[in-house]
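Colleague: Okay, here's the structure, questions in a sec.
The values are calculated or read from the model by the stated rules, or taken from the named source; none is laboratory data. Here the structure is a predicted model, which means the values were calculated and not measured. Here Cβ is always computed from backbone atoms with ideal geometry, including for glycine, and neighbour counts include all displayed protein chains.
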Amino acid sequence: MHRVLVARGGALSAKSGLGGTHTRFLDLLKSGNVEGFHCAGSLEYALTSNPLKKGFLRWFSHPKKVRKAISQQKIDLLHITDQEQAHLIPQNANIPVSVYVHDLFHIFPTTMNIDGEVIEIGDQNPGFLRKRDLRNLRTGLSRANLLLCNSESTKTQVEQNFPNIPAIALPFSIDIQRYNPQINALPFPDWFDKSCQNMLLVGSEEPRKRIPFLIRTLGSLSDEEKSKFIIHKIGFESSPKSREKVEQLAREHAVQLNWIGGVDEHDLIASYQHANALLFPSAAEGFGLPVVEAMAAGTMVLASDLPAHNMHLREEFLVSAENPDAWKEAISRQLSEPRDVSELMIKDAQRYSDDYFCKQLSEAWKQLFENKIR
């Protein structure tokens, strides 16, 4: 039985994207379902608002703690749960190290042009300290023995930027049964409106999420159609300013927007189970977790036809990212449909089960110890 030390930096909330996947990863490893491996411990530190302390913890104290742990404890494998903590990989580590890569958007920022709109993917102008941080992350990733990528799209980006490091596509999982309304039915959310359709918008306000595009498209619907729905925005805002901009844009286009913010898993699942649809116009995703979550709840999904989230859905549920009229037509069609649990969505979500993820993870890690990957 191989002993795995799991590490990350600051203890992000389980309500956040990276925080939630870290927590679930630990739970899966501790469950005993990753054959041949067990959790020997985890390392993280409490978040702080003090910039000096934050820098000290991230760049000096915590990396030292990780180095000490793998040199003094009986550890067979170090696993870093996201690419933003790759600086924790020690030089000349005496054990294999794997990193789960969600995306490389911030480590290698770029832009996209969609129908004449230039969309920033990642931070285009990082400050001095962040530039140093990014160099450390790139160096850390180049020291890994295995990069586990959450999609084929992410794997392609990894192979382009780290051609000498073995990479495997390993889509993450969710607790399928918890989302299924036929198994775990949750009550109608208090913030939903029973008099109209409840649409979900889940995620941050990063430019790649294309929230302004969606609101402008919704605003182009007729007044009668706009009276038939409300958009519930779930997810921690990137900043108060970004929230203000989105809410102002919604007012200008007479789109009903209910800003929910961060919620716990129970409320998130309830929202998926009772929503009429998830609208997901994103330009780029490492994985696109909200799409899979909505599918598992049997909820209709309308998503842009771009990677990596386009891998989850059948073609009929994908909408051209470059065609506002196609989005307008798809949303108008959805407004005429009654809310129903989609057996097709639930069926297609089964490939993201915990059992399948644990099996694939075990096989990937075993290769490190069978000298197939080093």
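Colleague: Tell me, which helices (runs of 4 or more DSSP H) wholly within the range 163-264 include 3 or more residues that are in contact with a helix residue (DSSP H, G or I) (Cβ under 8 Å, 6 or more places away or on another chain)?
Modeller: On the way: elements: 176-179, 211-219, 223-226, 240-252.
Output list reads 176-179, 211-219, 240-252.
Colleague: If I filter the range 121-162 down to residues being of a type in the set (Val, Ile, Thr) and part of a helix (DSSP H, G or I), which single residue comes out as farthest from Ser362 (Cα to Cα)?
Modeller: The residue in question is Thr139.
Colleague: Of all strands (runs of 3 or more DSSP E) completely enclosed by the range 12-103, which ones contain at least 1 residues that are β-branched (Val, Ile, Thr), touching a residue at least 40 places away in the same chain (Cβ under 8 Å) and in the same structural domain as Arg138 (by TED's automatic domain parsing)?
Modeller: Correct list: 77-80, 97-101.
Colleague: Here is a further query. Those residues that are buried (at least 17 other Cβ atoms within 10 Å of the Cβ), at pLDDT below 95 and in a helix (DSSP H, G or I), I need them from the range 291-320; list them, please.
Modeller: Scanning the range 291-320 gives His309, Asn310, Phe317.
Colleague: Tell me which residues, restricted to the range 334-348, are modelled with pLDDT of 90 or more, surrounded by 12 or more Cβ atoms within 10 Å (Cβ to Cβ) and either outside any loop (DSSP other than H, G, I, E, B) or of a type in the set (Lys, Arg) (or both).
Modeller: The answer is Gln334, Leu335, Leu344, Met345, Ile346, Asp348.
Colleague: Further, regarding this structure: Quick one: which residue in Glu293, Glu244, Glu315, Glu237 is in contact (Cβ under 8 Å) with a residue 12 or more places away in the chain and more than 19 Å from Phe192 (Cβ to Cβ)?
Modeller: On inspection, the qualifying residue turns out to be Glu237.
Colleague: On the basis of being of a type in the set (D, E, K, R) and farther than 24 Å from Ser151 by Cα, does Asp354 make the cut?
Modeller: Considered against the rule, which asks whether it is of a type in the set (D, E, K, R) and farther than 24 Å from Ser151 by Cα, Asp354 comes out as no.
Colleague: When you scan the range 131-148, do you find a residue that is closer than 14 Å to Ile80 by Cβ, outside the structural domain of Arg208 (by TED's automatic domain parsing), surrounded by fewer than 15 Cβ atoms within 10 Å (Cβ to Cβ) and touching a helix residue (DSSP H, G or I) at 6+ places or on another chain (Cβ under 8 Å), even just one?
Modeller: Looking for residues that are closer than 14 Å to Ile80 by Cβ, outside the structural domain of Arg208 (by TED's automatic domain parsing), surrounded by fewer than 15 Cβ atoms within 10 Å (Cβ to Cβ) and touching a helix residue (DSSP H, G or I) at 6+ places or on another chain (Cβ under 8 Å), one finds at least one in the range 131-148, hence yes.
Colleague: Still on this structure, please answer the following. Can you tell me which residue among Asn276, Asn323 is in contact with a strand residue (DSSP E or B) (Cβ under 6 Å, 6 or more places away or on another chain), surrounded by fewer than 24 Cβ atoms within 10 Å (Cβ to Cβ), in contact (Cβ under 8 Å) with a residue 40 or more places away in the chain and more than 25 Å from Val101 (Cα to Cα)?
Modeller: Asn276
Colleague: Against the condition of a type in the set (A, V, I, L, M), surrounded by 15 or more Cβ atoms within 10 Å (Cβ to Cβ), under 21 Å from Glu329 (Cα atoms) and touching a residue at least 12 places away in the same chain (Cβ under 8 Å), how does Leu268 come out, does it pass?
Modeller: Judged against the criteria, Leu268 is not a match.
Colleague: How many residues, within the range 359-371, are at pLDDT 95 or above and touching a Gly at 6+ places or on another chain (Cβ under 9 Å)?
Modeller: To start, the set of residues in the range 359-371 that are at pLDDT 95 or above comprises 359-366.
Now drop any that are not touching a Gly at 6+ places or on another chain (Cβ under 9 Å), which leaves 362, 365-366.
Number of matching residues: 3.
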